[in-house]
Amino acid sequence: MNAPQPARKPLMALDAALADLLARATPLAATETLATVLADRRVLAEDLVSALHVPPQDNSSMDGYAVRLTDIAEKGVVLPVSQRIPAGHAAQPLEPGTCARIFTGAPVPPGADAIVMQEDTREVGGDFHAVHIDAVPEAGQWIRRAGEDVTRGSVVLPRGTRLSAASLGLAAGIGAAQLRVTAKPRVALFSTGDELVMPGEVPPEQMKPGAIYNSNRFFLRVLLERLGCEVSDLGIVPDRREATLAALKTAADHHDLILTSGGVSVGEEDHIKPAVQQLGSLDLWQIAMKPGKPFAYGTVRRDAGAGADAQGHCHFIGLPGNPVSSYVTFLLLVRPFLLKLQGAAESEYQPPFKTMPVRADFDLPRADKRREFLRVRRNADGGLDLFPNQSSGVLTSTVWGDGLVDNLAGITIARGDLVNYIALSDLLA
């Protein structure tokens with residue numbers, strides 16, 4: 001009689017897996033100072049406080065004339081021009097009964113309480129010696145007040161901000177030439193499998209049966225670098241126990257995270273699992289998501305003299321080998337993990353995923369037992385088209401699509417239904 005098979009563990013919900021993974025990520029303590037122009041996509045390590053008002057003084061938002069309201073009881077008034085104020089030049093107090101020629105960004109002269117834009121005036125006598133005012137202005141019209149954008153002493157960018165082009169411009173606008181940011185997470189990336197071949201090493205016509213090009217290594221490296229990581233590409237590790245142990249030891253001593261793809265399915269014959277277990281610990285998770293069910297998290301011990309962190313270990317994450325599974329699990333699980341390592345604000349990585357309701361212009365008559373992430377694309381009518389082949393090996397779907405539909409387990413989709421759409425641009429930024 002055959003021995004009874006042990007009961008399989010229930011699949012882990014994606015949100016639970018992400019919460020578990022994030023609980024294991026402690027923000028890195030190391031920081032560095034960068035020139036502001038070089039800090040795109042890095043995470044701010046301290047509050048950025050403004051030492052000045054922006055704008056620093058009241059200024060004009062239009063080309064026109066600075067005036068006193070008491071001098072313009074009705075339209076048709078003619079006022080002499082007493083001064084000319086370009087941007088970047090100081091203004092003299094405005095004499096009563098006169099106006100000042102003023103340009104966008106120029107300081108408002110003391111005594112003026114409105115700007116009449118150029119289109120509402122006419123030159124009188126040539127050379128702008130006087131102007132005919134064709135409109136009665138309102139108090140404060142076309143004046144940008146000092147501190148209207150930023151007030152002195154305010155936090156303009158809080159610690160944990162993931163810096164963008166706009167936020168770098170804001171930092172420069174308050175005079176910040178340098179920014180203190182969290183150090184880049186050091187990530188060791190490698191693949192395992194004798195079936196893998198690097199593009200350029202073997203031409204397509206000479207590929208052996210069963211051999212495949214290593215596509216995962218390419219997109220994973222790019223995704224890591226976009227997230228501000230310092231990547232060590234260790235290439236393809238041979239399918240030998242000693243080679244795997246050596247690669248893990250070397251990587252753990254000099255990195256914060258080891259990321260691999262392939263070899264994490266339950267029951268798969270592979271050297272990664274026993275090697276990680278020998279050097280640390282490993283949890284194999286079966287996540288209730290499609291694509292991307294197999295996922296592994298563990299730690300690898302560092303040598304005492306290798307600059308180990310307080311825990312003395314390096315994180316290990318093993319992604320599934322199928323390219324779409326690897327791609328999607330990276331975006332939904334590894335990306336939040338790395339953002340927390342960098343000390344990013346919780347809003348950057350905490351679930352739920354940012355979705356918006358969009359009309360499905362397709363049918364999905366068969367529900368899956370797992371939560372599905374369907375590759376879709378917005379169409380000209382504002383709806384979503386579904387890529388016809390949703391296999392986890394069809395990387396074409398991720399190039400064709402511009403988003404994912406987050407479809408819960410057991411749910412069918414009929415044409416016209418509103419579905420939860422995740423823009424890939426939000427996950428790739």
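The values are calculated or read from the model by the stated rules, or taken from the named source; none is laboratory data. Computed from a predicted structure; not experimentally measured. Virtual Cβ from ideal backbone geometry, glycine too; neighbours counted across all protein chains shown. Surface areas here come from the heavy atoms of the whole protein model, side chains and all, with no ligands, DNA or RNA. Shrake-Rupley method; radii C 1.70, N 1.55, O 1.52, S 1.80 Å.
Just one of the listed residues (159, 122) is closer than 12 Å to residue 65 by Cβ and either open to solvent by 50 Å² or more (accessible area, probe 1.4 Å) or part of a loop (DSSP other than H, G, I, E, B) (or both), and it is 122. Scan the stretch 36-61 for residues that are touching a helix residue (DSSP H, G or I) at 6+ places or on another chain (Cβ under 9 Å), charged (D, E, K, R) and surrounded by 18 or more Cβ atoms within 10 Å (Cβ to Cβ) and report the count. The number of residues fulfilling the criteria is 0.
Figure legend. Inter-residue proximity from the stretch 124-140: first residues within 16 Å of residue 82 (Cβ to Cβ), second residues of a type in the set (Lys, Arg) and open to solvent by less than 80 Å² (accessible area, probe 1.4 Å), beta-carbon distance below 6 Å, spacing 6+ or different chains. Indicated pairs: 128/101. Restricting attention to the stretch 394-429, and to residues there that are in contact with a Gly (Cβ under 8 Å, 6 or more places away or on another chain) and assigned to a strand (DSSP E or B), which single residue is surrounded by the fewest Cβ atoms within 10 Å (Cβ to Cβ)? Checking each candidate, the answer is 423. Do you know which residues across the stretch 176-200 are in a loop (DSSP other than H, G, I, E, B), at pLDDT 95 or above and farther than 19 Å from residue 317 by Cα? Result: 176, 177, 183.
On the given criteria, is residue 385 part of a strand (DSSP E or B), out of contact with any Ser or Thr (no Cβ under 9 Å at 6 or more places or on another chain) and of a type outside the set (A, V, I, L, M, F, W, C)? Judged against the criteria, residue 385 is a match. The C-beta contact set for the stretch 366-393 (first residue over 21 Å from residue 292 (Cβ atoms) and crowded, with 18+ Cβ neighbours inside 10 Å, second residue of a type in the set (A, V, I, L, M, F, W, C) and modelled with pLDDT under 95, distance under 6 angstrom, 6+ apart or interchain) is empty. A residue that is buried (at least 16 other Cβ atoms within 10 Å of the Cβ), in a helix (DSSP H, G or I) and of a type in the set (Gly, Ala, Ser) cannot be found anywhere in the stretch 132-148. Only a single item in (1) exposed (fewer than 14 other Cβ atoms within 10 Å of the Cβ); (2) modelled with pLDDT under 90 is not met by residue 254, and it is number (2). Between 70, 33, 104, the distinction of being within 19 Å of residue 156 (Cβ to Cβ), open to solvent by 50 Å² or more (accessible area, probe 1.4 Å) and hydroxyl-bearing (Ser, Thr, Tyr) belongs to 33 only. Cβ-Cβ distances below 9 Å connect the following pairs, each with a first residue in the stretch 394-406 that is within 21 Å of residue 321 (Cβ to Cβ), a second residue that is open to solvent by less than 20 Å² (accessible area, probe 1.4 Å) and of a type in the set (Ser, Thr, Tyr), and a separation of six or more residues or different chains: 404/421.
Cβ separations smaller than 8 Å between residues 6+ apart or across chains give the following pairs from the stretch 346-363 residues that are on the phi < 0 side of the Ramachandran plot and of a type in the set (Asp, Glu) to residues that are open to solvent by 80 Å² or more (accessible area, probe 1.4 Å) and modelled with pLDDT of 90 or more: 361/381; 361/415; 363/415. Of the residues 64, 88, 76, the single one that is under 30 Å from residue 170 (Cβ atoms) and either surrounded by fewer than 21 Cβ atoms within 10 Å (Cβ to Cβ) or in contact with a Lys or Arg (Cβ under 6 Å, 6 or more places away or on another chain) (or both) is 88.
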